[in-house]
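All remarks here apply to the structure that follows.
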C-alpha cells in the first residue's frame with residue numbers, strides 16, 4: 001500500500017486550514033527551511049503554488065533517517081537530488097520536498113517553466129474524467145491556471161480590498177446548479193501539480209467559484225477573460241468532459 005497525497009489535492013478548505021493553523025508556527029509542527037544531509041545542505045521553498053503529487057513511499061519502507069520532528073526519504077527517480085520529509089505529528093501524508101541548495105535556482109526555474117508540464121481538464125473531484133490537452137490548448141489553460149493562482153494568492157482579503165472585485169458576478173442560483181470542473185497541470189516528471197480548484201461552467205461561461213449565500217440562494221463567481229472562458233468551455237464540450 002502506498003501513501004500518496006493525490007487524494008488531498010482537491011480538498012481546498014482542508015489545505016487552507018492546515019496552512020493557516022496557528023500551530024504551524026511551532027517547531028513541532030512546522031517544516032524546517034533547510035536540513036544538513038550527508039554534509040550537504042538541502043532547502044525547500046522552490047515549488048510555490050504547487051503540490052507534490054507523484055512522490056510516494058511504501059508503508060513498510062523505512063525512512064532514510066529521522067530528525068527530531070520528521071522522517072526523511074530520498075526521492076527516487078527524480079530529475080534532481082531531492083528528499084521528502086513527513087512531520088511525525090501530521091494527520092495525513094503531507095510531505096515537504098527539499099532539493100540540494102546548490103541546485104535550488106535550477107530546480108526552481110525548472111518547476112516554474114510551463115514547458116515542463118502537461119495540462120488537463122476534468123470534472124471537479126472526479127480524477128478519472130481528466131483529459132490531457134493538446135499543445136494548441138495549453139496557452140489558454142495556462143492563462144486560466146495563472147488567474148486561479150492569482151485569485152488564491154489573495155485568499156482571505158475580500159471586501160473593499162479585493163483586487164479582483166471587478167471580476168465578481170452574482171447569480172440567483174443555488175449550489176450545484178452548474179457544471180463543476182477543474183483545470184490543472186502536472187509536471188512531466190510526475191512530481192508536482194497545481195491544485196485542482198473548483199471551477200464552474202454556467203450559462204456557457206467559465207468561472208472560479210467564490211461563495212454561496214444560502215439565505216439569498218445566490219452564488220458569487222469570479223469571471224475569466226472572455227477568450228479564455230470561451231476557449232476552455234469549448235474544450236470541455238468537445239472533449240465530452242461534461243457528460
How many residues, within segment 187-243, are part of a strand (DSSP E or B) and farther than 21 Å from residue 167 by Cα?
3
Given 162, 137, which one is surrounded by 15 or more Cβ atoms within 10 Å (Cβ to Cβ) and touching a helix residue (DSSP H, G or I) at 6+ places or on another chain (Cβ under 7 Å)?
137
Just to be sure I understand, how many residues within segment 66-92 are buried (at least 19 other Cβ atoms within 10 Å of the Cβ) and within 19 Å of the chain's Cα centre (by Cα)?
3
Conditions first: (1) at pLDDT below 85; (2) under 18 Å from residue 194 (Cα atoms). Residue 24 passes all but one, so which condition is the exception?
(2)
Whichever residue in segment 48-58 is outside any strand (DSSP E or B) and either buried (at least 19 other Cβ atoms within 10 Å of the Cβ) or touching a strand residue (DSSP E or B) at 6+ places or on another chain (Cβ under 6 Å) (or both) and, among such residues, is modelled with the lowest pLDDT
56
Can you tell me which residue in segment 168-186 is surrounded by the fewest Cβ atoms within 10 Å (Cβ to Cβ), limited to those that are part of a loop (DSSP other than H, G, I, E, B) and in contact with a strand residue (DSSP E or B) (Cβ under 8 Å, 6 or more places away or on another chain)?
172
Criterion: in the same structural domain as residue 50 (by TED's automatic domain parsing) and touching a helix residue (DSSP H, G or I) at 6+ places or on another chain (Cβ under 6 Å) - qualifying residue of 84, 99:
99
Could you list, ordered by first residue, the pairs with Cβ atoms under 8 Å in which the first is in segment 229-243 and touching a residue at least 40 places away in the same chain (Cβ under 8 Å) and the second is in a loop (DSSP other than H, G, I, E, B) and surrounded by fewer than 18 Cβ atoms within 10 Å (Cβ to Cβ), at least 6 apart or interchain?
236/242
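Yes/no per residue for (1) at pLDDT 95 or above; (2) more than 21 Å from the chain's Cα centre (by Cα); (3) at positive phi:
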residue: 194; (1), (2), (3): yes, no, no
residue: 197; (1), (2), (3): no, no, no
residue: 200; (1), (2), (3): yes, no, no
residue: 219; (1), (2), (3): no, yes, no
residue: 224; (1), (2), (3): yes, no, no
residue: 234; (1), (2), (3): yes, yes, no
residue: 239; (1), (2), (3): yes, yes, no
Given the residues 121, 145, which is the only one that is assigned to a helix (DSSP H, G or I), within 21 Å of the chain's Cα centre (by Cα) and either closer than 26 Å to residue 226 by Cβ or in contact (Cβ under 8 Å) with a residue 24 or more places away in the chain (or both)?
145
Failed item in (1) closer than 19 Å to residue 108 by Cα; (2) out of contact with any strand residue (DSSP E or B) (no Cβ under 9 Å at 6 or more places or on another chain), with residue 82 passing the rest
(2)
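The values are calculated or read from the model by the stated rules, or taken from the named source; none is laboratory data. Fair warning: this is a prediction, and the values are worked out from it, not measured in the lab. Glycine gets a Cβ as well: all are built from the backbone with ideal geometry, and neighbour counts include every protein chain shown.
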